[in-house]
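So the structure is just underneath, and the comments pick up after that.
Only the coordinates and a few stated rules stand behind these numbers; no lab work does. Since the model is a prediction, treat every value here as computed from it, not as a measurement. A quick note on method: Cβ atoms are made from the backbone with ideal geometry, for glycine too, and the neighbour counts reach across all protein chains shown.
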Amino acid sequence: MKVGIIGVGAVGSACLLSLVMRGCAREIVVIDKDRKRARGVVNDVQYGATLSPRVEICDGDYPDLADASLIMITAGVNEKAGGATDRNDPSGRLKLLDTNVDVYQEIVPKLLRATPQALILVVTDPPDPLADLVRMLGHDRVLSTGTFLDSLRFRFHLAQRLNVSPRSVDAQIVGEHGTSEVFLWSSARVGGRPVMEFLAQSAQQRDEFRRAVEHDVRYANIAIIEGIRASQFGIGMVSARITEAVLRDERVVIPIGSYQGEFGVTLSVPSVLGRDGVAQRLTPEMSEEERQGLRRSAETIKAAVWRIKIEKATPGSSPSR
């Protein structure tokens, strides 16, 4: 099956490499506004791809995406370049929205003309309101990478502190891929046992444990950027895994961003993912505090989407920088 990647900066390149290593696509078309860059990335990866399951990789233009099953959009300004690396800024990744709206308004109409049937996976930050922008531009087969990576980070940091394998931890984050994300502590489990029961500590120590884990997860991207200037490899692997689940019609349950009619925006809840995208959304076990947090997260995304709508409705307007 054919997959497209739009944008081959740090994240797009990581997505390409991860796709090749997973061996889930037979053809990958790479597009970038700098065709020379796209060609260079393809040339580099294709030599190593000799060691992976057979795949044809090429640089191209939008007409080359015809008959693609899934298109990843990774183009746009990243957190480092967009100034979204201040731990004290509550807007977080949403600070990148205005700039990346411009990028998507250029890309999505071209995708609609070239491959209207494809499932679009929004990887660019902030992915949730950008997925809603894709819908506003006329393409309703769209997902965002959502809180899948956040949930893996949650599992990792829990496992690290509990001295178990992350594979043995069941823990999820829902809502926005951003500062309003909601940690589902009430349903986090290790070996079927609630995580907080796993901790033989006082209430104060458990609260400190929670705060430490949430801090490490919320700001994992900034810590990575401070080291290597871009948070790229984790999201590359997550995007490839999502693509694999779609191409193989796995119907795996993961927290992924899709349009939620109840909230009127794209946000993440555990969902059954297959060839046609999200086939079913599942309501996880949540405490009242967590349910309220999810509603607040939805309102945060809704406010960002409303800003896009206002800008689109104003003739000759362009997003502020």
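Some observations on this one:
- Over all pairs of different C-alpha atoms in region 149-286, the reciprocal of the mean inverse distance, the Kirkwood hydrodynamic radius, equals 16.1 Å.
- Shape of region 83-139, Cα gyration tensor, a/c cut at 1.5: prolate
- Exposed-loop-free span, longest in the chain, where GluC sites (Glu not before Pro) count as exposed if DSSP calls them loop and at most 16 other C-beta atoms lie within 10 Å: 1-249
- Counting Lys and Arg as +1 and Asp and Glu as -1 over every other residue whose Cβ lies under 15 Å from the Cβ of residue 185, the net charge comes to -2.
- Solvent-free Debye calculation, one equal scatterer per alpha-carbon of region 212-273: log10 I(q)/I(0) at 0.16, 0.19 Å⁻¹ equals -0.73, -0.91.
- As a proxy for reagent exposure, ranking 162, 130, 97 by other Cβ atoms within 10 Å from fewest up yields 162, 97, 130.
- Trypsin sites (Lys or Arg not before Pro) within region 229-312, DSSP loop, no more than 14 other Cβ atoms inside 10 Å: 229, 248, 251
- Rounded to the nearest whole Hz, the Karplus-based 3J(HN,Hα) values (6.51 cos²θ - 1.76 cosθ + 1.60, θ = phi - 60°) of region 65-78 follow the sequence 8, 3, 6, 5, 7, 8, 10, 8, 10, 10, 5, x, 6, 9, with x at glycine and proline.
- The mean sequence separation of alpha-carbon pairs under 8 Å and at least six residues apart, normalised by the residue count of region 68-197, gives a relative contact order of 20 percent.
- Charge tally for residue 249 (other residues, Cβ to Cβ under 12 Å; Lys, Arg +1; Asp, Glu -1): 0.
- Here the 3J(HN,Hα) profile of region 49-55, calculated from phi with Karplus coefficients 6.51, -1.76 and 1.60 at θ = phi - 60°, is 5, 4, 8, 9, x, 4, 8 Hz, Gly and Pro shown as x.
- In region 206-291, the chymotrypsin sites (Phe, Trp or Tyr not before Pro) that fall in loop regions by DSSP, at most 13 other Cβ within 10 Å: none
- Going from the residue with the fewest nearby Cβ atoms within 10 Å to the one with the most, 185, 306 rank 306, 185.
- Length released on extending from residue 50 to residue 287, taking residue separation times 0.36 nm less the Cα-Cα span: 80.4 nm
- Proximal lysines relative to residue 2, as straight alpha-carbon distance under 19 Å, when same-chain residues fewer than 8 apart are discounted: 110
- Computed on the Cα atoms alone, the convex hull of region 2-144 gives a volume of 102 cubic angstrom per residue.
- Antiparallel beta bridges, as assigned by DSSP with both residues in the chain, represent about 50 percent of the total such bridges.
- Computed from phi, the 3J(HN,Hα) profile of region 171-177 under the Karplus parametrisation 6.51, -1.76, 1.60 (θ = phi - 60°) reads 8, 9, 10, 10, x, 7, 7 Hz, with x in place of Gly and Pro.
- Computed over the alpha-carbon atoms, region 21-63 gives an Rg to Rh ratio of 0.98, Rh here being the Kirkwood radius from the mean inverse distance.
- Using the Cβ-Cβ distance between residue 117 and residue 204 with R0 set to 56 Å, the FRET efficiency works out to roughly 0.55.
- Span from the region 1-59 Cα centroid across to the region 145-180 one, whole angstrom: 28 Å
- Note that the chain shows a convex hull volume over its alpha carbon atoms of 136 Å³ per residue.
- The residues packed around residue 68, meaning those with a beta-carbon under 9 Å from its beta-carbon, carry a net charge of -2 if Lys and Arg are +1 and Asp and Glu are -1.
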